[in-house]
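Colleague: My questions will all concern the structure given below.
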Amino acid sequence: MKKLIYLTSLLCFLAAGCKKDLDIVDPNHVTKQNFWKNAADAQQGVNSIYSTLHREGLSRWLYFMTMIRSDEGYSTSPNPAIINIYDAFNITDFNDYLVTSVYQDDYVGINRANQVLDNVPGVAMDAALKQQLLGEAKFFRGFFYYNLATIYGNVPIMLHSPTPQDFPPTSSQDSVFERAEADLADAAANLPVSYDAGNAGRVTKGAAYALLGKAYMQQKKYAQAQAAFQWLVEGDGKNLYSLVPDYRNNFIETAENNAESVFEWQNAANPNDNHDDDAATGSDNLNYGTSIPPFFAPSPVGFTDGQARRWTVWEFLQEKTTDNKRDPRLAATYLYDSTDEKGPDFSLAFGRTWNSLGLQTDPSIQHGNITEVCFRKQLDDATMTGEVFHSGNNYRYIRYADVLLLYAEALNAQGQTGAAYKYVDAVRARAGLATLTVAKPGLSQSDFLLQLKHERITELSGEGHRFEDLARWGDLGTGLSSRDAGFANFKKNRDEFMPIPQYDLDINPNLKQNPGY
């Protein structure tokens, strides 16, 4: 009894002592109170935003969401969740990591950007550098919201560092795009046009204008998109970008940050990190490469969890170059039994012939009815004989060719079809094809758009733009099932978006699930 009374008295004493808050900053750990003091802190804060691109959701599963969900890709993965979620439009668990990873990583990036935007304005430092860093943060917050708008559609908008009392409501896709546009416009006004070699890869004014134009395009704001792209195509940025002569150089590690690169994710192999992702380790020894190559590489080099649909190959074979050769972009885009026109005994993948890899072809049609086609652009076969989870090959998220084709699309949408020709001509000429002016003069507005759909497949397939292209054109639906069986399950007004993670809905009463789920 005495022991119980003593214990009760002690608890009462401790409880009384806790009435006064103990608020002492731990000098051994970085906190909000001892950070954001100088320019070095501000720079590190911005650098942390860039590192978000190396998290597993954005460096791996984003490719599945944008490529395998579209009609250009499919999956034969032994993991049924990959097939159901990304290929068959059959999502039953809204907390599955394959559903939530990109959503989660986008909000990690938004939180990092918001911390910079909340705290750096009060840091005493060089005014020009401060403007640049805030511009970088605005760019990335705009990018993450653009990503959320295109993939998840209706999501909450957060503009400041969160508190436990924050329960932001669902915003419409249009509102999320508008938020992205406002941030990207601010970024374009404040970012420099270029950097020195030591800062290669930092986002620029051109990157901001390009992504701003892409956001406007998804909303069919064609005049605004034209104005944004114009800075790169006809304005002050015209001489900063060009199409590199060798198309393949846009996808190999030895030719990174070239003249065609507008927004390029900087990847680097980390020899000290054996984990699949930074979130799993909880350490400072984080992944700063991309883990997509082993998932897209042909077996036995990789897992072949994501592959290309064969109909895309036929798009490249519709016409030959002006000197009667095959479109060179085909071999740069895919590994398959005829990456080399001479066939599977000559088509090399990671230093081995296609036949020696044991991959499938259909002998009934010579180099024809391909049963396995692998996306090549994110792979490392140019520099390695195998693949790693932490590839150093950069991801060219926006290339100048993409900007030119979108600029032509914006002009055509406004009835300026004749003026749009030369921008498509530039892309075709680099591939050695006859210019559209020569091959198909005088196209109507609708026929020119059909041609642009072909041009975007042959120029940009395997780069993560196909799903947003289909959404912009209004082409998502069961009509695609003839070339992608997964679309037989596609439900209009549901499958345009991924579902909102259930765990967010469970803790935030102001959120709503996307329609149809």
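Colleague: Considering only residues that are polar (S, T, N, Q) and crowded, with 23+ Cβ neighbours inside 10 Å, which ones fall in region 35-65?
Modeller: Thr52, Ser59 - these are the residues of region 35-65 that are polar (S, T, N, Q) and crowded, with 23+ Cβ neighbours inside 10 Å.
Colleague: So is Ala197 surrounded by fewer than 22 Cβ atoms within 10 Å (Cβ to Cβ), without any contact (Cβ under 8 Å) to a residue 40 or more places away in the chain and among the aliphatic types (A, V, I, L, M) or not?
Modeller: The answer is yes for Ala197.
Colleague: Looking only at region 489-517, count every residue that is more than 16 Å from Ile85 (Cβ to Cβ) and touching a Ser or Thr at 6+ places or on another chain (Cβ under 6 Å) and tell me the total.
Modeller: Of the residues in that region, 2 qualify.
Colleague: Only one of these conditions is not met by Gly432: (1) without any contact (Cβ under 8 Å) to a residue 24 or more places away in the chain; (2) assigned to a loop (DSSP other than H, G, I, E, B); (3) not β-branched (Val, Ile, Thr). Which number is it?
Modeller: If we test Gly432 against (1) without any contact (Cβ under 8 Å) to a residue 24 or more places away in the chain; (2) assigned to a loop (DSSP other than H, G, I, E, B); (3) not β-branched (Val, Ile, Thr), just (1) comes out false.
Colleague: Give Phe467, Phe487 a once-over and let me know the one that is of a type in the set (Phe, Trp, Tyr), touching a Phe, Trp or Tyr at 6+ places or on another chain (Cβ under 9 Å) and either modelled with pLDDT of 95 or more or within 23 Å of Trp61 (Cβ to Cβ) (or both).
Modeller: Phe487
Colleague: Moving to a separate point now. Take the residues in region 75-91 that are outside any loop (DSSP other than H, G, I, E, B) and surrounded by fewer than 23 Cβ atoms within 10 Å (Cβ to Cβ), then tell me which one is nearest to the chain's Cα centre (by Cα).
Modeller: Ile82
Colleague: Looking at this structure, is Asp327 at pLDDT 95 or above and either within 29 Å of the chain's Cα centre (by Cα) or part of a loop (DSSP other than H, G, I, E, B) (or both)?
Modeller: Here the answer is yes, as Asp327 does meet what is asked.
Colleague: Pick from Asp183, Asp118: which is touching a Gly at 6+ places or on another chain (Cβ under 6 Å) and touching a residue at least 40 places away in the same chain (Cβ under 8 Å)?
Modeller: So the residue among Asp183, Asp118 that is touching a Gly at 6+ places or on another chain (Cβ under 6 Å) and touching a residue at least 40 places away in the same chain (Cβ under 8 Å) is Asp183.
Colleague: Is it fair to say Phe448 is at negative phi, outside any loop (DSSP other than H, G, I, E, B) and more than 21 Å from the chain's Cα centre (by Cα)?
Modeller: yes
Colleague: Which residue pairs have Cβ atoms under 6 Å apart, sit 6 or more places apart or on different chains, and have a first residue in region 42-68 that is outside any helix (DSSP H, G or I) and a second that is modelled with pLDDT of 95 or more and buried (at least 20 other Cβ atoms within 10 Å of the Cβ)?
Modeller: Final answer for the pair search is Arg55/Asp105.
Colleague: Of (1) more than 22 Å from Leu317 (Cβ to Cβ); (2) not in a helix (DSSP H, G or I), Ala408 satisfies all except one. Which?
Modeller: Checking Ala408 against (1) more than 22 Å from Leu317 (Cβ to Cβ); (2) not in a helix (DSSP H, G or I), the one that fails is (2).
Colleague: Further question on the same structure: Test of understanding: among Ala210, Ala215, Ala189, which residue is modelled with pLDDT of 95 or more, assigned to a helix (DSSP H, G or I), touching a helix residue (DSSP H, G or I) at 6+ places or on another chain (Cβ under 9 Å) and surrounded by fewer than 19 Cβ atoms within 10 Å (Cβ to Cβ)?
Modeller: Ala189 is the lone residue from the list that is modelled with pLDDT of 95 or more, assigned to a helix (DSSP H, G or I), touching a helix residue (DSSP H, G or I) at 6+ places or on another chain (Cβ under 9 Å) and surrounded by fewer than 19 Cβ atoms within 10 Å (Cβ to Cβ).
Colleague: Here is a further query. For region 455-473, give me each residue that is of a type in the set (Lys, Arg) and free of Cβ contacts under 8 Å to residues at least 60 places away in the same chain.
Modeller: The one that is of a type in the set (Lys, Arg) and free of Cβ contacts under 8 Å to residues at least 60 places away in the same chain: Arg456.
Colleague: In addition: With respect to Arg396, is the statement that it is of a type in the set (Lys, Arg), in contact (Cβ under 8 Å) with a residue 40 or more places away in the chain and crowded, with 22+ Cβ neighbours inside 10 Å true?
Modeller: Taking the combined requirement at face value, the residue satisfies it.
Colleague: Is it the case that Gly462 is in a loop (DSSP other than H, G, I, E, B), among the small types (Gly, Ala, Ser) and under 27 Å from Tyr395 (Cβ atoms)?
Modeller: yes
Colleague: A further question on this structure: Run Asp284 past the list (1) surrounded by 15 or more Cβ atoms within 10 Å (Cβ to Cβ); (2) among the charged types (D, E, K, R); (3) modelled with pLDDT under 90 and report the number of the one that doesn't hold.
Modeller: (1)
Colleague: Another question about this same structure. Please determine, by comparing only the residues of region 470-493 that are among the small types (Gly, Ala, Ser), assigned to a loop (DSSP other than H, G, I, E, B) and in contact with a helix residue (DSSP H, G or I) (Cβ under 8 Å, 6 or more places away or on another chain), which one is nearest to Thr66 (Cα to Cα).
Modeller: Per the criteria, the residue is Gly477.
Colleague: For region 240-281, enumerate the residues that are surrounded by 14 or more Cβ atoms within 10 Å (Cβ to Cβ), in a helix (DSSP H, G or I) and modelled with pLDDT under 80.
Modeller: Asp278, Ala279, Thr281
Colleague: Tell me, yes or no, whether region 478-490 has at least one residue that is more than 20 Å from Gly73 (Cβ to Cβ) and surrounded by fewer than 17 Cβ atoms within 10 Å (Cβ to Cβ).
Modeller: Looking for residues that are more than 20 Å from Gly73 (Cβ to Cβ) and surrounded by fewer than 17 Cβ atoms within 10 Å (Cβ to Cβ), one finds none in region 478-490, hence no.
Colleague: Could you grab me the full set of residues in region 136-157 that are surrounded by 24 or more Cβ atoms within 10 Å (Cβ to Cβ) and closer than 11 Å to Ser175 by Cα?
Modeller: Tyr145, Tyr146, Ala149, Val155
Colleague: Please go through region 409-426 and pick out each residue that is hydrophobic (A, V, I, L, M, F, W, C), under 19 Å from Leu460 (Cα atoms) and in contact with a Ser or Thr (Cβ under 9 Å, 6 or more places away or on another chain).
Modeller: Val424, Ala426
Colleague: Which residues, counting only those in region 341-356, are surrounded by fewer than 19 Cβ atoms within 10 Å (Cβ to Cβ) and either in contact with a Pro (Cβ under 8 Å, 6 or more places away or on another chain) or modelled with pLDDT of 95 or more (or both)?
Modeller: Matches in region 341-356: Thr353, Asn355.
The values are calculated or read from the model by the stated rules, or taken from the named source; none is laboratory data. Since the model is a prediction, treat every value here as computed from it, not as a measurement. Cβ atoms come from the backbone with ideal geometry, glycine included; neighbour counts cover every protein chain shown.
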